[in-house]
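For reference, the structure is listed below as structure tokens.
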């Protein structure tokens, strides 16, 4: 097994006092707590930090750990894996401390599996119902239009008969997503969470819906926004534009003399909701043609000579 | 195929589910982390609060903050998440216009 340098993990000196150890732990815990950090490595980092603190905050465990650290410093196990001295028996373990359950082999071998509680949910006596889990469910906007079936895959925690956490198992489920499911909504799947102990019921699985960014549509609550590129003459003279929506194409009338940025509302063509639907906003964006066309330039020049228009009139006072 | 289900829990059922004493759950309600759906004199809770209470407990225990602090942290985390999402969306809209 690999030796863990708990002092290095917490970023403290080996002679740091309890206060310094606690402060270092609190600082790192705030930074890497999986409920706080969005960092991909946050959970792994937090476990490491929690494990280090579990040992260093307890004077008996810390003393034992320091002994092992000394033993290693004197040349044992610095090359490959680390083995404790022959006849090593942990004495400080056994105090069902609070922990997150899956500490390293190093910790388990040195302080015994009994030294850790195995999870918050099952920490108290007489309660062995499985933990509730929350998993993110990415959903395309198109998926919200009608009932769809989605396959989800997630890591399901596993425990042995004594309640110790084993490696997660990958689980696949087919889930029916009703039309009108919205962003951040939670879907509860009863009994699909972590298994219970001693025949107790499993926890629940919550799917947290996250709408995936769309190449054409932006989301604002239940409304959708689509940017519609138009030629300058379309903005000036008006036009009919073939407009994509979530459910098919329709014809959008661009009124004459439209400014760039004008919002045209298409009622009920936004995201479906349980009771109805939001609106679709078509936002006009006037786009200039690429240059290089001499006859087009001649026409622009003609317009420039004849038009009485100062777009910067506001700057004149 | 799994289906949808939503239920409510009584105060004792909630205490049992989250393995917390009644006084702690009452405190969590009092600082506004969860809100009961009142039913006469009895408190009832949406089952979804279990997840929220579990999260609150982890923050309380792992970061050593009191329940008031946990309530604040949860509120701020929620706000940061929604601001991040809004920021990402506005950026995307801005990009379409440039």
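The values are calculated or read from the model by the stated rules, or taken from the named source; none is laboratory data. Model, not experiment: these values are computed from the prediction. Note that each Cβ is placed from the backbone with ideal geometry, even for glycine, and that neighbours are counted across all protein chains shown.
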Counting only residues that are over 22 Å from residue A:222 (Cα atoms), assigned to a loop (DSSP other than H, G, I, E, B) and more than 8 Å from chain B (Cβ to nearest Cβ), the range A:163-206 contains a total of 14
Flagged pairs (Cβ under 8 angstrom, 6 or more apart or on separate chains; first in the range A:225-248, within 14 Å of chain B (Cβ to nearest Cβ); second crowded, with 18+ Cβ neighbours inside 10 Å and assigned to a loop (DSSP other than H, G, I, E, B)) are A:230/A:258
Note: among B:52, B:63, B:74, just one is surrounded by 14 or more Cβ atoms within 10 Å (Cβ to Cβ) and facing another protein chain (nearest Cβ under 8 Å), namely B:63
Of the candidates B:9, B:14, the one satisfying the condition of being more than 9 Å from every other protein chain (Cβ to nearest Cβ), touching a residue at least 40 places away in the same chain (Cβ under 8 Å) and either surrounded by fewer than 14 Cβ atoms within 10 Å (Cβ to Cβ) or not in a loop (DSSP other than H, G, I, E, B) (or both) is B:9
Qualifying residue in the range A:91-108 (condition: at pLDDT 80 or above and assigned to a loop (DSSP other than H, G, I, E, B)) | no
In the range A:220-240, anything part of a strand (DSSP E or B) and more than 28 Å from residue A:297 (Cβ to Cβ) is listed as A:220, A:223, A:224, A:225, A:226
Checked the range A:1-37 for anything in contact with a helix residue (DSSP H, G or I) (Cβ under 8 Å, 6 or more places away or on another chain), in a loop (DSSP other than H, G, I, E, B) and either over 17 Å from residue A:72 (Cα atoms) or without any contact (Cβ under 8 Å) to a residue 24 or more places away in the chain (or both); matches are A:11, A:12, A:13, A:16, A:33, A:34, A:35, A:36, A:37
Among (1) away from chain A (no Cβ under 14 Å); (2) over 30 Å from residue A:53 (Cβ atoms); (3) in a helix (DSSP H, G or I), residue B:43 falls short only on (3)
